[in-house]
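All remarks here apply to the structure that follows.
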Amino acid sequence: MRGLGLRKRGINIISCPTCGRTKTNLAEIVEEFENEVSEFEAHLDVAIMGCEVNGPGEAREADIGLAFGATSAMLFKKGTVVKSEIPKEMAKNILKEEIYNMINK
């Protein structure tokens, strides 16, 4: 229901189906992230993409998101890269911190 816009609370996660450019276990990252943000009540569209090349552009309608490379990720808001070269192991925490800051303005 959240994906259809019928439910306007909680984090709506958008992800790509992956392709040959994906160099990370995207399904695992998305599943972990979904569990970690299940308590957020504010509605945001959050993209988690498997490619730094196309990810930000394909998910430009998302409020915020990550695009993963082999060893790092980039953070983007509305398709514009705001932080790059984020170590892969820190990316989800940085994204959660940014979301927290967005909803607690």
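The values are calculated or read from the model by the stated rules, or taken from the named source; none is laboratory data. Quick caveat: nothing in here was measured; it's all calculated off a predicted structure. Here the Cβ is made from the backbone with ideal geometry for all residues, glycine too, and neighbour counts use every protein chain on show.
Between residues in the stretch 16-37 that are closer than 17 Å to Ala62 by Cβ and residues that are of a type in the set (Asp, Glu), which pairs lie under 7 Å by C-beta distance while being six or more apart or on different chains?
Listed pairs, sorted by first residue: Cys16/Glu58.
So which of Lys92, Lys83, Lys77 ends up being within 18 Å of Glu31 (Cβ to Cβ) and at pLDDT 95 or above?
That would be Lys92, the only listed residue that is within 18 Å of Glu31 (Cβ to Cβ) and at pLDDT 95 or above.
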